[in-house]
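One structure is given below, encoded as structure tokens.
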Amino acid sequence: MYLDFHAVLVFLITGVMMVSTPMVLGMLFRPRNSYKEKDMPYECGEDPIGGAQIRFDMRFYTTALIFIVFDAEIVLIFPWAHVFAHHPEQGLALVAGLVFVTIVFFGLIYDWAKGDLDWVKSFRNKRRVQG
Amino acid sequence: MSETLASHLTALKPEIWLTGTILVMLVLDLLVGKRSARTVGVFGLIGIGGAMWALMNQSSVPVRAFGLISIDTYSIFFRALIISATGIVMLHGMVFRGIEDETRAEFGPMLVGAALGACLLVSTDNLIMLLVGMELLSLCSYVMAGWQKKERRSAEAGLKYLVYGAMASGLMLFGFSLLYGLSGSMWMPEIALAVSEAWSLGDAGQHMIVVIASTLVFVGFGFKISAFPFHFWAPDVYEGSPTPVTSMLAVASKTAGFGVLIRFVDTVYLDLTIAEDWLGRFGYVIAVLAAITMTYGNVTAVKQNNIKRLLAYSSIAHAGYLLMGVAVMTTATVDNRAAVGIGMESILFYLVSYYIATLGAFGCAMAFANRFGAETLEDYEGLGWSSPWIGACFIIFLTSLVGLPPAIGLIGKWLLFKATLSVGLDWLAVIAALNAAVALFYYFKIARALFLRGDTDYQEGLASKGVIPGLAHLSLIVLAIFTVYFGLMWDGIMEWVSEAVM
Amino acid sequence: MLDFMFIFFASLALLGGLLMAFHPNIVHSAFALVAALFGVAGLYWTLGADFLGATQVLLYVGGITVLLLFAVMLSTRDAARISIARYALMAPIVGLLGAFLVTTGKALVPIVRAAGGALGPTEPTTEKIGNLFMDPTAFMLPFEILAVLLLVVLVGAITLARRGEEDAA
């Protein structure tokens, strides 16, 4: 078929099927006697208060931001990893990859040392402000 | 192989210096700890100095590095402007009170990153490298524009710049992709061939592609140089950004924008415009845009009260003057081929004069904001008497911006007017002259506020003591001296400029 | 088969985009965007740009939407509901833009065909991209400069976000 993506397609279809089949089967076979309590997250636990979409901690955002940058790094480094083993000039390829990784690594060190990778830091800040 | 690699790297010495500076500044920030801003700044200045030194030692024989960068006199000229401007902005950033001390250390890497992007932008003739350079410059600028997070205006400036800038890059990228579709290449000379062929042999569809692609690419460049109708971000962003960032945007970013615009026009379109094909009228479009840009900038500047906003509109107006030169290049014909060179020379010379005066003017605005918290024309009343040195420098820079003797701005304007007349764009020269008169009016408003108003109540300000603030003030005085000196002896600059055009 | 794939992914992108634009709940809009972005990734695949498609999934479907969702969650709940009527003015502009894109695309296809460029099956691209990245006369320099770009983004974005966090806390 097309490129090497038929495998991906198979995975995709399988993934969708694995979620949708039980849902459809359940929809077909389950008894239909619905009442309001059934829509609650915990039928026999705490009553939920407020909406589900609460304001998140800023930490989530910072972490996601760092994640995206390294995501992009992986995307760029992947072709390099792909050709590296068979590259005619392996020394050059090694140096090129190392320079790339090292430069980004400086960013990682920076964020690490500044405490942007610590989850606890935000709690410390909060306590300081409140107390 | 390693030999060629070494030669590639030698050709890129200034850029390597800049990259090294970024890394060293980040590490120093971590190592020094609490009061790192000063150390980081000093090392940043040393690094920029190193880059400048490496640049000045580059030979004027054209070299190609990494297959994408052409190191020639043209790129050396632009990179010299960009790197030296970065050095001065770095110095000003170290003393500007609007930037909090906790984040001052991180400011340096951003600034040098922007400079690195701008340097690559003006040296490349490959669209991929162009895009990467432009994105590096833009991303750093977005971050720097929003640097004063506690100031609402600064946050707004950062966000606005980001949103509009992303839009402009997106459109420009779409234009690039059309050009790539047309030519199958990312290399400007090959694109030029494909564009010429599509234009002379192609059908209406191909003509349309050429026109659309050119328009979209011009959106991207026009955004960087804040030309009408892509200027709308400039006033808010210039006003809201920390003042050193504003001068970076107004000087380095705009210079880089013109650097790449001229290279692009020169490589891709000139054959067509000289042959006076239909695309020859492209030059008239640019001429009209230039006229609108300068008129809009100057007329709107008259009503402004905030100094930075006023200077922002004036910088839009100057983009209009500079576009006059591009219009000259693109309206030159076969009988008048020399006009291309004349137009280019006049732009480059004007850029030098604009560079000195604008850096200085924003530097003075920063000094007044630092000492007195002065931002509006009312705040400025009588300040000239309180700090006469900076006030005098400000007057000199304004003289140069308006184009009065004995400043270098006069020579710049004179060359541009001469070039414009040489291709028969008389109406454009007339509009530009009228604009200069309008500009005189609002520049005079600043001068009047500084020295002719409220001269009795001397305002007490926060005087900055120390080596670094002293150096920052000295930089203003040196720029003022340059303004006058080169206004009287412009032969050196002229020689440098004509070498760069070759 | 290819036509079917194209229709599937194109409609996914289109429907996702429409749903994103018109759904009143911005969180649901964000999820609709996932579908739209995935549709675009599929379109890349059908065009033979396998690496680009994978990048699209990895960065946009996986990364940007998460960031977007967090941004929504960070804002107050009132801001999470937007009225579409306010943006009705945009409709003609969007329509014009769409017409423009369609006409340009239509004009471009024969040119690319004539230039010998193939709009269809090609061999995998990842290896070629890797070789171009490793070639000093091709795209090695942009590759390294992108590392600098990631570095300044890492430092700059975090510096800005960090202070936002201090304000919020």
message: Just to confirm the number: angle between the C-alpha axis of helix B:188-201 and the first principal axis of chain B, 0 to 90 degrees, nearest 10?
response: 50
statement: Long-range amide H partners of B:Asp125, meaning residues 5 or more apart or on another chain whose placed amide H is closer than 5 Å, are B:Ser70
query: Relative to the longest principal Cα axis of chain B, at what angle does helix B:204-225 sit, 0 to 90 degrees, rounded to 10?
result: 20
statement: Stretched fully, the stretch from B:Arg152 through B:Lys303 gains (0.36 nm per residue minus C-alpha distance, one decimal, in nm) 52.1 nm
- prompt: Just how large is the dipole of region A:6-125 about the Cα centre, in debye to the nearest 20, putting +1 at every Lys and Arg Cβ and -1 at every Asp and Glu Cβ?
  reply: 280
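Using r as the Cβ-Cβ distance of B:Leu193 and A:Val99, and R0 as 41 Å, what FRET efficiency do you calculate, to the nearest 0.05?
Calculated value: 0.75.
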- request: May I ask for the net charge around C:Asp135, where only other residues with Cβ less than 13 Å from the Cβ of C:Asp135 are counted and Lys, Arg are +1 while Asp, Glu are -1?
  value: -2
message: Which of C:Asp3, B:Asp236, B:Asp125 has the fewest other C-beta atoms within 10 Å, and how do the rest follow up to the most?
response: C:Asp3, B:Asp236, B:Asp125
- request: Any chance you could give the angle, 0 to 90 degrees and rounded to 10, that helix B:101-123 forms with the longest Cα principal axis of chain B?
  value: 20
task: Give me the compactness ratio for region B:247-332, meaning the Cα radius of gyration over 2.2 N^0.38 Å.
output: 1.22
field: Euclidean distance of C-alpha centroids, region B:265-326 and region B:79-108, integer Å
entry: 29
statement: Helix-only [θ] at 222 nm, chain B, -39500 (n - 2.57) per DSSP H run of 4+, per residue, nearest 500, equals -25500 deg cm²/dmol
- prompt: Quick one: Cα centre-to-centre distance for region B:473-488 and region A:4-25, in angstrom?
  reply: 71
Spin-label model distance (nm) - C:Thr137 vs B:Thr39, 7 Å beyond Cα toward Cβ: 4.6
- line: Taking a crude spin-label model, label points 7 Å out from Cα along the C-beta direction, the A:Thr14 to A:Leu117 distance in nm is 3.4
query: Per the Kirkwood formula on distinct C-alpha pairs, the Rh of region B:62-186 is how many angstrom?
result: 16.0
- prompt: Regarding region A:6-125, what are the three Cα extents along the principal axes, ordered largest first, in Å?
  reply: 69, 50, 16
query: If you bin the C-alpha pair distances of the protein assembly as shown every 10 Å from 0, what whole percents do you get?
result: 2, 12, 22, 25, 20, 12, 5, 2, 1, 0
message: What value in Å³ per residue do you get for the convex hull of the alpha-carbon atoms in region B:324-479?
response: 104
query: Which FRET efficiency value, to the nearest 0.05, is calculated for B:Val163 and A:Phe70 with the Förster distance at 25 angstrom and r the Cβ-Cβ distance?
result: 0.50
message: Taking R0 as 56 Å, what FRET efficiency do you get between B:Lys418 and A:Ile49 from their Cβ-Cβ distance, rounded to the nearest 0.05?
response: 0.15
query: Modelled label-to-label distance, B:Leu31 and C:Ala21, 7 Å Cα→beta-carbon offset: nm?
result: 5.5
query: At each listed q (0.07, 0.08, 0.10, 0.11 Å⁻¹), what is the log10 of I(q)/I(0) that the Debye formula gives for chain B modelled as equal alpha-carbon point scatterers?
result: -0.35, -0.46, -0.72, -0.88
message: With the cut-off at 1.5 for a/c, could you classify region C:1-82 from its C-alpha gyration tensor as rounded, prolate or oblate?
response: oblate
task: Enumerate the residues in region B:346-388 having an amide nitrogen under 16 Å from the point lying 7 Å beyond the Cα of B:Leu452 toward its Cβ.
output: B:377-378, B:380-385
statement: The extension gain from B:Asp271 to B:Val484, computed as 0.36 nm times the residue separation minus the Cα-Cα distance, is 72.8 nm
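Rule-based calculations on the coordinates, nothing more; no lab input. In this text the structure is predicted, and so the values were computed from the model without any measurement. Reconstructed Cβ throughout: ideal geometry from the backbone, glycine too, with neighbour counts over all protein chains shown.
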